[in-house]
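The values are calculated or read from the model by the stated rules, or taken from the named source; none is laboratory data. These numbers come from a predicted model, not from an experiment. Every residue, glycine as well, gets a Cβ built from its backbone with ideal geometry; the counts of neighbours run over all protein chains shown.
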Ligand code: EPU
């Protein structure tokens, strides 16, 4: 297993080009199953999760033409297998996103149940209940979700008890080809849901209200081909901004969007960053200062995203003052903090709340990545620590950060990958 070795204590300065958003690209790739014609998706990030989704679609019989810039043309009219097998779903929970499109377009689907995961139990009951409300017969047997419908799904009112991002995406996709109107209430407002809706509209879907908590979909008989470019990754953007802020440096992000990450930019400003934004760029300057500790509570969009919580914990670990972090989305998303304690951080955890007292510095140590965002936070902790940190199990980071060591090297970081 590859490891990252980081020699910390360097202030980061420079420019970073942001990649396409993983969590928008995954549902958009699944959505191509709904079309009767080839669909071209652009600005896909080079990531293991994207390769897994492409492999899943290929095995189902979807014809893929990939160019050197990772624009992919997908043709679902050649589909043969309506199954997402355990061996792929276990490596990527987002495989569940093929469920809604398959039932809606082909009348049946078999998708392995994703198991538990490193950040919480993550059930998929709302995905199943939503499809049942639309008339699908859904059984869970032998570790698989088996869904069937005679004819088309029927439009329905789907109310989510808890805001769910991929649950909203699955029902949104299914509803585009259903008979009649579907109204999703307490829908996720995440920018990735909006990007998916815009792509579906480009394919001919009739959708309104995306970006609010009520999405209305009038089903159509067919969806056609289109060419669509995935939005920039707001979590990758936030991760680089936080890494640079933690080191007291200055950075310009290119190919990004400030309007979809207001909560994060506001917290960085509170930490002492001077932030300027334009249409497709964000500039952050700490003027060489140490960040101030910030309090935050994770919640569905537009509040502070759970996917940025770990990175802010790392910044708080060396900030001036005490920061209180409350995680309300996943029940087990503080694993990175145990590793930071090994680097000398001062953190008190009580249930879903962590009180982090900023230290003048952390010390390099061997640490282990437990999930994608936890690994990003350990990279930040390592960048501000004195001495060398070795981060093990970095396959987690390759699921969500394109060329992370090259991008950080361009900012001046001393980071290298060693094969394990
Ligand atoms: N939930 C249920 N039942 C369901 C679905 C969700 O109880 O049927 C609960 C979950 O257990 C959780 C809460 O609802 O407590 C919210 O989970 P959600 O369904 O929104 O999460 P997700 O759709 O599985 C996506 C992202 C995650 C991100 C979360 C929250 C993708 C592919 N994944 O997951 O991204 O943390 O939304 O914003 O979009 C990551 O990129 O590192 C990552 C984990």
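Within the range 244-266, the set of residues being closer than 16 Å to residue 358 by Cβ and in contact with a helix residue (DSSP H, G or I) (Cβ under 7 Å, 6 or more places away or on another chain) comprises 245, 246, 247. Taken together, the criteria place residue 342 among residues that are more than 27 Å from residue 22 (Cβ to Cβ) and at pLDDT 95 or above.
Being crowded, with 23+ Cβ neighbours inside 10 Å, within 11 Å of residue 385 (Cβ to Cβ) and more than 16 Å from the ligand (Cβ to nearest atom) narrows it down to one residue among 315, 340; which is it?
Going through 315, 340 in turn, the sole match is 340.
Which of the residues spanning the range 374-409 are in a helix (DSSP H, G or I) and more than 24 Å from the chain's Cα centre (by Cα)? If the condition is that a residue be in a helix (DSSP H, G or I) and more than 24 Å from the chain's Cα centre (by Cα), then 384 is the only one that fits.
May I ask you to verify whether residue 211 is crowded, with 21+ Cβ neighbours inside 10 Å and touching a helix residue (DSSP H, G or I) at 6+ places or on another chain (Cβ under 7 Å)? Spelling it out, it is not the case that residue 211 is crowded, with 21+ Cβ neighbours inside 10 Å and touching a helix residue (DSSP H, G or I) at 6+ places or on another chain (Cβ under 7 Å). Just to be sure before I move on: is residue 136 touching a residue at least 60 places away in the same chain (Cβ under 8 Å) and more than 30 Å from residue 337 (Cβ to Cβ) in the structure I sent? The answer is no for residue 136. With respect to residue 76, determine if the residue is in contact with a helix residue (DSSP H, G or I) (Cβ under 7 Å, 6 or more places away or on another chain), buried (at least 22 other Cβ atoms within 10 Å of the Cβ) and at pLDDT 95 or above. So residue 76 fits the description; yes. So, in the range 86-107, exactly how many residues are more than 15 Å from the ligand (Cβ to nearest atom) and over 24 Å from residue 199 (Cβ atoms)? Of the residues in the range 86-107, 2 are more than 15 Å from the ligand (Cβ to nearest atom) and over 24 Å from residue 199 (Cβ atoms).
When residue 305 is tested against the conditions (1) within 12 Å of the ligand (Cβ to nearest atom); (2) free of Cβ contacts under 8 Å to residues at least 40 places away in the same chain, the lone failure is (2). Could you say which residue among 379, 355 is surrounded by 15 or more Cβ atoms within 10 Å (Cβ to Cβ), at pLDDT 95 or above and in contact with a helix residue (DSSP H, G or I) (Cβ under 8 Å, 6 or more places away or on another chain)? Checking each option against the conditions leaves just 379.
Restricting attention to the range 142-164, the residues being within 12 Å of the ligand (Cβ to nearest atom), crowded, with 21+ Cβ neighbours inside 10 Å and outside any strand (DSSP E or B) number 1.
Determine whether residue 139 is in a helix (DSSP H, G or I) and surrounded by fewer than 18 Cβ atoms within 10 Å (Cβ to Cβ).
no
Among the residues of the range 109-121, the ones that are over 21 Å from the mean Cα position of the chain (by Cα) and loosely packed, with under 15 Cβ neighbours inside 10 Å come to 0 in all. Right, residue 250: surrounded by fewer than 16 Cβ atoms within 10 Å (Cβ to Cβ) and either closer than 12 Å to residue 16 by Cα or at pLDDT below 95 (or both) or not? No.
The residue that is nearest to the ligand (Cβ to nearest atom), among those in the range 109-132 that are closer than 19 Å to residue 53 by Cα and touching a strand residue (DSSP E or B) at 6+ places or on another chain (Cβ under 7 Å), is 113. Tallying residues that are touching a helix residue (DSSP H, G or I) at 6+ places or on another chain (Cβ under 8 Å) and either within 16 Å of residue 309 (Cα to Cα) or in a strand (DSSP E or B) (or both) within the range 359-373 yields 8. Of the residues that sit in the range 179-197 and are buried (at least 24 other Cβ atoms within 10 Å of the Cβ) and over 16 Å from the mean Cα position of the chain (by Cα), which one is farthest from the ligand (Cβ to nearest atom)? Looking at residues that are buried (at least 24 other Cβ atoms within 10 Å of the Cβ) and over 16 Å from the mean Cα position of the chain (by Cα), I get 182. Give the residue, chosen from 99, 44, that is closer than 25 Å to residue 254 by Cα and buried (at least 24 other Cβ atoms within 10 Å of the Cβ). Just one listed residue meets the conditions, 44. What are the residues in the range 356-377 that are within 14 Å of the ligand (Cβ to nearest atom) and over 14 Å from residue 247 (Cα atoms), if any? Residues satisfying the conditions are 369, 370, 371, 372, 373, 374, 375, 376.
Elements of the type helices (runs of 4 or more DSSP H) sitting completely within the range 1-107 and holding at least 2 residues that are free of Cβ contacts under 8 Å to residues at least 60 places away in the same chain: these cover 48-59, 86-89.
One residue alone among 56, 82 is surrounded by 16 or more Cβ atoms within 10 Å (Cβ to Cβ) and under 19 Å from the mean Cα position of the chain (by Cα), and that residue is 56.
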